[in-house]
Structure formats: structure tokens, C-alpha cells
Amino acid sequence: MGTLELKNLCKSFGDTKVIENLTLKINDGERVVFLGPSGCGKSTILRMISGIESVSDGQILFDDKDVTNYAPGERDIAMVFQNYALYPHMSVEKNITYALKRNKIPKEDIEQRLHQALSILDLNHLKERKPSELSGGQRQRVALGRAVVKNASYFLLDEPLSNLDALLRVSARRELLHLHDMYQHTFIFVTHDQLEAMALADRIALFDKGEIQMFDTPENVYNHPSNVFTARFIGTPPMNILDAKYEKNQLIFESKLYIDAKTLNQQNLEPYEGRSLLVGIRPEAIYIKEEPTGIRFEIEDIENLGESYSLIGKINQQMLTVKSYKRPEQSVVNIKFDMSKVTLFDPNTEMNIEER
Ligand code: ADP
Ligand code: MG
């Protein structure tokens, strides 16, 4: 078993509060990704889970057992750091087995775990080499191997792929998924990269300034963001957030542009009659129309994304990004919003109005 529970977890460095009252429950064998901008506290949380960092307040439970004050060695964890350091004078094989030998694991057991790790990570042909004779990606695999052979219930990874180039990262992600399939450990992966999070997570825990913004499946985080921060953090280019007023079944942009809102959930909208709202719509949920009806969109910049174009421009005075598979011929086009993909936020709390 490997459930993990954080209860009102707090961490301060001197007078600076980094984590405040974090409560979170992770299931046995689940793949959870801690995502958020640099400095939001992801590593601090992972380090508290591992026991390397002390807790200022609150509790950490492994399988309902309070381990808050346990030393790292007393917790059933394996950890891979961003700046993993391999022993430079040891071969791949020795790097992977060093900790096991030190912990007096029986020799046969070590051999078997080593063999499995070398074959899963495709390191068999490199086992005699020293770290200086390996590429970045191969060193990364050795660092993973070193963690894998511990056979721990909890696998904690802090931005382990950030030193790899883009192509290697994609294959390393697949290797991680295979590892998880094999070992089924409870897996917590820290990253600031939303694509990596989407690719690896059963559930994403999105953080900002030490506070959890949303904890849900990648699909829900993308399609039903809980607040404006989540909407803007996930997706490239990010979701458009526009100011509007709601009146008589219509969204009104700068008292000029009216969009029919009858298809939106009326019950949620009732309290907003005559008031302002934030309208969230993703660039791919806006379409360019052939006929000259719809919303007038003035294109200012076109960014080529390879498979598509990002059109950046204005409707009235508000900036908007539209995704298009064709490069438009004119700088002014007519567009249409897919109203089934609109998300509305309260302008004061910035919360999704369905979450109120
Ligand atoms: P992340 O991993 O999300 O980039 P960290 O958990 O490393 O963020 O850091 C969160 C905040 O805590 C940052 O503002 C950082 O400067 C601060 N911090 C981290 N470790 C220490 C420390 N040992 N002493 C003081 N401040 C720290
Ligand atoms: Mg970090």
C-alpha cells in the first residue's frame, strides 16, 4: 500500500511562510504531478514528504501512519533530484547498487534488482562505464535506476528531466510511465512544465504561492479550470480572459459587442444579471468565419506554430488570441466563439462561477 496524506501542512523559513495549511490526499499507486511556477513551493513540499526538510506545522501520513517526525531513512521512499549527483569514480552498475550494499541487502536480491533496472532502463551495454563516459540522457537513466532498485512504495521526483533536451525528455517521460507500470509505486513528480504534467499525471496538483489552486485530472484542469490562475497556467497559448457584462441573456463587451448567452447555464448566471464577468475562452474554441457576420477581429501579429498559427489581435479594445490552421489572407476577419467551451469567472474572486 502507498497512500499519502498531507494534513494542514505548513512551512516557514524564518518569518517567510512558504506553505500554508496544505491538505492533500494521494491514492495508492497514483501518479500525481506537482505543477506550478518557479518558487511556488513544490520542492519544499516534496522535501517535507521525504523527510529532508522539517515541517513547521501539520502532519504527513503514509498509509494512515504519522511519519511527520521520521528520518528520511525510516520512510519507504526513493527520490530523484533535479541535480542528481552520480559518483564519478564508480561504474553505472556500482552507482546503482551502492546504497543497497551499504544497507546490507542480500547479494542475490541486489543482483536481481540490478538486472531488472538495467534492462528496463536499457543500460545493460553501459553498465561498466563511468558517468563521464555517458550522455546526459544516459546519466539521467542511471539516476532513475538508483532510485528504482530501492523498491520503495513512494517514488518522489523533483524536476528530473529538466537537464535533458526536448527529444530526450519525451522518451524519458515514456520510460517513467513504463517504470510506473512495472512497479506501481505511488509516484509524485515535480515540474514547472505543464506539458510534462499533462503527459504524466493521473491528477495534477497546481500550486501558486504555496497554495493549491486545483487538484484534478489533466482533462478537468484543462477543460474546467477552477480559477483564472489555472486557466492561464495550463495551455499554450493560454486561455483568453475577457471583460464582459451580463445582461438579459447576453454577454456585452465594452457596450458594443453583444453575444447571445442563452446556451450558457442560466442558473449560474442569475446572480450576475447586470454585473460584470470574466469570460474565458481557449484560442482553439474560436473559429474564423467565411461569411461577413460574427465578431470583428483585427489581427496584429501572426505566430507560426508549425501545425497551426496563433493570431494575436483585438476585438474592440481587448486582446485576443485565436488558433487557426490556415494563415488568414486579411488582417481583419470575422470570428465566432464556441459557446459550449466558454468558462465564466467571477471578477472579484477570479473563481469559476460554477465553483461558488
Ligand atoms: P519551487 O520548487 O516551486 O521552485 P521551492 O520549494 O524551492 O520552490 O521554494 C519555495 C520558496 O521557499 C521560494 O521562495 C524559496 O526562495 C524559499 N526557500 C526554499 N528553501 C529555502 C531555504 N532553505 N531558506 C529560505 N528560503 C527558502
Ligand atoms: Mg524546485
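The values are calculated or read from the model by the stated rules, or taken from the named source; none is laboratory data. Everything numeric in this text was worked out from a predicted model, so none of it was measured. Here the Cβ positions follow ideal geometry from the backbone for every residue, glycine too, while neighbour counts run over all protein chains shown. Note: areas computed on protein heavy atoms with side chains; ligands, DNA, RNA excluded. Shrake-Rupley method; radii C 1.70, N 1.55, O 1.52, S 1.80 Å.
For the stretch 273-290, residues that are open to solvent by 40 Å² or more (accessible area, probe 1.4 Å) and in a strand (DSSP E or B) total 5. Residue 65 falls short on exactly one of the conditions (1) touching a residue at least 60 places away in the same chain (Cβ under 8 Å); (2) open to solvent by 10 Å² or more (accessible area, probe 1.4 Å), and that condition is (1).
Looking across 45, 77, 60, one residue alone is away from ligand 2 (no atom under 16 Å from the Cβ), surrounded by 15 or more Cβ atoms within 10 Å (Cβ to Cβ) and closer than 27 Å to residue 230 by Cβ. It is 60.
Entry remark, the stretch 115-131: residues being surrounded by 16 or more Cβ atoms within 10 Å (Cβ to Cβ) and among the small types (Gly, Ala, Ser) number 1 in total. Regarding the stretch 237-260, can at least one residue be identified that is open to solvent by less than 10 Å² (accessible area, probe 1.4 Å), in contact with a Phe, Trp or Tyr (Cβ under 6 Å, 6 or more places away or on another chain), in contact (Cβ under 8 Å) with a residue 60 or more places away in the chain and not small (Gly, Ala, Ser)? The answer is no, given that none of the residues of the stretch 237-260 is open to solvent by less than 10 Å² (accessible area, probe 1.4 Å), in contact with a Phe, Trp or Tyr (Cβ under 6 Å, 6 or more places away or on another chain), in contact (Cβ under 8 Å) with a residue 60 or more places away in the chain and not small (Gly, Ala, Ser).
Considering each of 325, 287 in turn, give the residue that is of a type in the set (Ser, Thr, Tyr) and either touching a Lys or Arg at 6+ places or on another chain (Cβ under 8 Å) or at pLDDT below 95 (or both). Going through 325, 287 in turn, just one is of a type in the set (Ser, Thr, Tyr) and either touching a Lys or Arg at 6+ places or on another chain (Cβ under 8 Å) or at pLDDT below 95 (or both): 287.
For the stretch 1-43, a residue qualifies if it is free of Cβ contacts under 8 Å to residues at least 40 places away in the same chain and within 13 Å of ligand 1 (Cβ to nearest atom), and the qualifying residues are 13, 14, 15, 16, 39. With the structure loaded, tell me whether residue 328 is more than 32 Å from the chain's Cα centre (by Cα) and either surrounded by 14 or more Cβ atoms within 10 Å (Cβ to Cβ) or outside any strand (DSSP E or B) (or both) or whether it fails that test. It is true that residue 328 is more than 32 Å from the chain's Cα centre (by Cα) and either surrounded by 14 or more Cβ atoms within 10 Å (Cβ to Cβ) or outside any strand (DSSP E or B) (or both).
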